[in-house]
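Engineer: One structure, pasted below without further comment.
Only the coordinates and a few stated rules stand behind these numbers; no lab work does. No experiment lies behind these values; they were computed from the predicted model shown. Positions of Cβ are generated from backbone atoms using ideal geometry, with glycine treated the same way; all protein chains shown enter the neighbour counts.
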Amino acid sequence: MTTAGSNLRGGRIAWQLAQTLWVGGVWVLHFVLLPALERFGLAPLLIEEIGSFMYPLLVGFAAVCALLQGLVLLSALGRRWWQDLRGQLLVLVLVSAGSFFLAGFWKDGLYWQMFCFLVLAFAGLVLVLQPRPDERGN
């Protein structure tokens, strides 16, 4: 296998792994894990404490994974990365993650944080529906 072929394969693996981990983690936490703990009968304060620990952790992880995906996209498309929907979605994810952490300094930033988290989750869902950078159909 050539070096270009192995780089392409490495980028494909990095793209899929990062995308699976951060998008899946965000959706599982908000739409599966916390509602399941509530239905299981745990105390609301305990569920809130778990959420307040896990949300920032997953948002930071999503930002790191989006940066990795951005590097893969940059290597695949070059300067055209910004014109691509995937690049725009990754920028949206990074802006949303930054806004999530900035909203933590506001007195009533909890609603803004949840909005940013949901924007991040739905941007990830749209990103999953896009082809990988190495696939045709860009």
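Engineer: Among Val64, Ala76, Leu118, flag the residue with its Cα farthest along the positive direction of the charge dipole of the range 3-128, charges on Cβ as +1 for Lys/Arg and -1 for Asp/Glu.
Structural biologist: Ala76
Engineer: In what order do Tyr55, Tyr111 fall by count of nearby beta-carbon atoms within 10 Å, going from fewest to most?
Structural biologist: Working: Tyr55 20, Tyr111 10.
With the sparsest Cβ surroundings first, the list reads Tyr111, Tyr55.
Engineer: Shape of the range 3-128 from its Cα gyration tensor (a ≥ b ≥ c, root eigenvalues): rounded if a/c is under 1.5, otherwise prolate when a/b > b/c, or oblate?
Structural biologist: prolate
Engineer: If you plug each phi of the range 10-21 into the Karplus form 6.51 cos²θ - 1.76 cosθ + 1.60 with θ = phi - 60°, what whole-Hz ³J(HN,Hα) values come out, in order, with x for Gly and Pro?
Structural biologist: x, x, 4, 5, 4, 4, 5, 5, 4, 5, 4, 5
Engineer: Among Val26, Gly104, Ile47, pick out the residue whose Cα is farthest towards the positive end of the charge dipole of the range 3-128, where Lys and Arg carry +1 and Asp and Glu carry -1 on C-beta, about the Cα centre.
Structural biologist: So the residue furthest toward the plus end is Val26.
Engineer: Also, I was wondering about something else. What list of ³J(HN,Hα) couplings, whole Hz, do you get for the range 23-28 from phi and the Karplus terms 6.51, -1.76, 1.60, once you set θ to phi - 60° and write x for glycine and proline?
Structural biologist: 5, x, x, 4, 5, 5
Engineer: May I pose another question? Taking amide hydrogens as modeled 1.01 Å from N in the peptide plane, which residues meet the under 5 Å criterion relative to Gly104, leaving out close sequence neighbours?
Structural biologist: none
Engineer: Same structure, new question: About the Cα centre, and with charges only on the beta carbon of Lys, Arg (+1) and Asp, Glu (-1), how big is the dipole of the range 4-138? Nearest 20 debye, please.
Structural biologist: Dipole size: approximately 560 debye.
Engineer: Mind listing the phi-derived Karplus ³J(HN,Hα) values for the range 108-125, rounded to whole Hz, using 6.51, -1.76 and 1.60 with θ = phi - 60°, and x for any glycine or proline?
Structural biologist: These are the phi-based 3J(HN,Hα) values: 10, x, 4, 5, 5, 4, 5, 4, 4, 5, 5, 4, 4, 5, 6, 5, x, 5 Hz.
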